[in-house]
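Undergrad: What follows is a structure written as structure tokens; I'll ask about it next.
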Amino acid sequence: MSLLYYSRMRFTTHVLPLLLSSSLPAHVVSVFGPGRDTTFIATDLSLRSPKNYGFINSGSHVAYLATFFMEYLVAQNPGKLALIHYYPGLVLSEGYQDPTFPFWFRGIFKYGAPLIKLLLPTLNGKESGERTLFNASPRFPPRSADGKAASSKSVGSIGVAESSDGIVGGGAYRVNFDNEQVATPKQYKKLREEGWLDKAVNHTLKAFEEIEAGRVFTG
Amino acid sequence: MVKLNLVQSSNATLVASQPLVAVFVGGTSGIGAHTIKSLAATHGEGGKGLRAYIVGRNAKAAEEIMSDCQKMCPTGQFRFIRANDLALMKDVDLVCAELIRTEEKEANITGGTSRIDILVMTQAIFKPWDPRKGRSKNFPALSICFSFQALC
């Protein structure tokens, strides 16, 4: 969770002054997995307990926390910054052929590629690079100063995307491998009403603060 | 599905619009590496200018990627910033400080504003088996699964 969430948000907040100096405006793309948000363990956001930790739950919490923290950052910096949480699909890169992996696992991805491609959205490396870069396009604009929807619904022949909080051009985007939107699950409505956006942001900032002060974060 | 030709033409418009500064954290392999190569290839010889940073652990992989990029984009500046373990917030702090210093210096030399236009983060570890391998020694956790306990 550290590399996928805390590390990335820490990086973003550190270089924020440089991002705000961009005249584009700046785009921040975090490549992982919007849409994995399912289980939400309110009593253990960082999944400190080994009982709560697992592949599914960590992916889920990273997706929730990223959605909330990205919405916070765009609201703080209207007109300046767009953040994108991008699901890349399956990209059969060299990562699957690590020699420390068991032979059968490597074999599945080496020889099973045609079957995998039928089951999962799969991009080749070149297309993956192009689509990841495209997340910096005007399809994903920053939030307007008044927080209202973008006045234009499209840029040329490409539509303006909808933000994770339902605003067209709202600045924080959950994006699928094909650069279309990943819907924000319906349980977010209740979580927002319960104030989880602020709680998730405070949890994250508190972690940074404690560590910076040389203390051990226990939240 | 946004059609691939629209994706490509939009990327071409981006590199023709203005000089770009881009940072690729975890850009020494996988999707990060594909993305920086895609940016360099799209820029080619005709773009408005490019300065790209790769932040990662593998200096050799970074050198190879930067050399490929330099061939595709001869006027581009490609820089490597070495990280040790970005799961640790302290390392993120050090790397960011070096990145900011380097960018300020480069912007000074070339006469532009120091900035980041595009930040792409792909740092991750894909190790379903024994994720402790390759971790720093001060990482006491049973596995990276519990990495939060060693953030500092």
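The values are calculated or read from the model by the stated rules, or taken from the named source; none is laboratory data. This structure is a prediction, so every number in the text was calculated from the model and none was measured. When we count neighbours, we look across all protein chains shown, and the Cβ atoms used for this are built from the backbone with ideal geometry, even at glycine.
Undergrad: Residue under question is residue B:28, and the condition is that it be on the phi < 0 side of the Ramachandran plot and at pLDDT below 95; does it hold?
TA: Yes; evaluated as a whole, the condition is true for this residue.
Undergrad: Could you tell me which numbered condition residue B:41 fails, if it satisfies all but one of (1) within 11 Å of chain A (Cβ to nearest Cβ); (2) farther than 25 Å from residue B:7 by Cβ; (3) more than 13 Å from the chain's Cα centre (by Cα)?
TA: The one condition residue B:41 does not meet is (2).
Undergrad: Among the candidates A:85, A:61, single out the residue that is under 25 Å from residue A:187 (Cβ atoms), touching a strand residue (DSSP E or B) at 6+ places or on another chain (Cβ under 7 Å) and not hydrophobic (A, V, I, L, M, F, W, C).
TA: Details: A:61 fails: touching a strand residue (DSSP E or B) at 6+ places or on another chain (Cβ under 7 Å).
Criteria check complete, one pass: A:85.
Undergrad: Shifting gears a bit: What single numbered condition from (1) at the interface with chain B (Cβ under 7 Å from one of its Cβ atoms); (2) at pLDDT below 95; (3) in contact with a Phe, Trp or Tyr (Cβ under 8 Å, 6 or more places away or on another chain) fails to hold for residue A:24?
TA: (3)
Undergrad: Can you name the residue in segment B:31-58 that is farther than 20 Å from residue A:11 by Cα and small (Gly, Ala, Ser) and, of all such residues, is surrounded by the fewest Cβ atoms within 10 Å (Cβ to Cβ)?
TA: From segment B:31-58, those farther than 20 Å from residue A:11 by Cα are B:34, B:37-50; that's our starting set.
Now drop any that are not small (Gly, Ala, Ser), which leaves B:38, B:40-41, B:44, B:46-47, B:49.
Details: B:38: 25, B:40: 26, B:41: 18, B:44: 15, B:46: 11, B:47: 21, B:49: 16.
Step by step, filter segment B:31-58, then rank; the result is B:46.
Undergrad: Would you mention how many residues in segment A:43-66 are away from chain B (no Cβ under 12 Å), touching a residue at least 24 places away in the same chain (Cβ under 8 Å) and either over 27 Å from residue A:130 (Cβ atoms) or in a loop (DSSP other than H, G, I, E, B) (or both)?
TA: 2
Undergrad: Can you name every one of the strands (runs of 3 or more DSSP E) wholly within segment B:18-112 that holds 1 or more residues which are in contact with a Cys (Cβ under 7 Å, 6 or more places away or on another chain)?
TA: In segment B:18-112, B:50-56, B:77-82 are the strands (runs of 3 or more DSSP E) which contain 1 or more residues that are in contact with a Cys (Cβ under 7 Å, 6 or more places away or on another chain).
Undergrad: Within 11 Å of chain B (Cβ to nearest Cβ) and part of a loop (DSSP other than H, G, I, E, B) - does that describe any residue in segment A:27-36?
TA: Residues of segment A:27-36 within 11 Å of chain B (Cβ to nearest Cβ): A:27-33.
Next cut, part of a loop (DSSP other than H, G, I, E, B) only: A:32-33.
Taking every residue of segment A:27-36 in turn, at least one turns out to be within 11 Å of chain B (Cβ to nearest Cβ) and part of a loop (DSSP other than H, G, I, E, B).
Undergrad: Filter segment A:179-190 down to residues that are more than 14 Å from every other protein chain (Cβ to nearest Cβ) and not in a loop (DSSP other than H, G, I, E, B) and give me whichever is farthest from the chain's Cα centre (by Cα). Lay out the reasoning, then the answer.
TA: Taking segment A:179-190 and keeping what is more than 14 Å from every other protein chain (Cβ to nearest Cβ), we get A:183-190.
Going one step further and asking which of them are not in a loop (DSSP other than H, G, I, E, B), we end up with A:187-190.
Values: A:187: 18, A:188: 15, A:189: 19, A:190: 20 Å.
Once the filter is applied, the top-ranked residue is A:190.
Undergrad: Out of the residues in segment A:67-92 that are in a loop (DSSP other than H, G, I, E, B) and not hydroxyl-bearing (Ser, Thr, Tyr), state the one that is farthest from the other protein chains (Cβ to nearest Cβ).
TA: Result: A:78.
Undergrad: Now for a separate question. Any idea which of A:110, A:206, A:126 is surrounded by fewer than 18 Cβ atoms within 10 Å (Cβ to Cβ), free of Cβ contacts under 8 Å to residues at least 40 places away in the same chain and within 22 Å of residue B:22 (Cα to Cα)? First the steps, then the outcome.
TA: Working: A:110 fails: within 22 Å of residue B:22 (Cα to Cα); A:206 fails: within 22 Å of residue B:22 (Cα to Cα).
Step by step, each of A:110, A:206, A:126 is checked, and only A:126 is surrounded by fewer than 18 Cβ atoms within 10 Å (Cβ to Cβ), free of Cβ contacts under 8 Å to residues at least 40 places away in the same chain and within 22 Å of residue B:22 (Cα to Cα).
Undergrad: Which number in (1) touching a helix residue (DSSP H, G or I) at 6+ places or on another chain (Cβ under 9 Å); (2) modelled with pLDDT of 95 or more; (3) of a type in the set (Val, Ile, Thr) marks the one condition that residue B:102 misses?
TA: For residue B:102, the failing item is (1).
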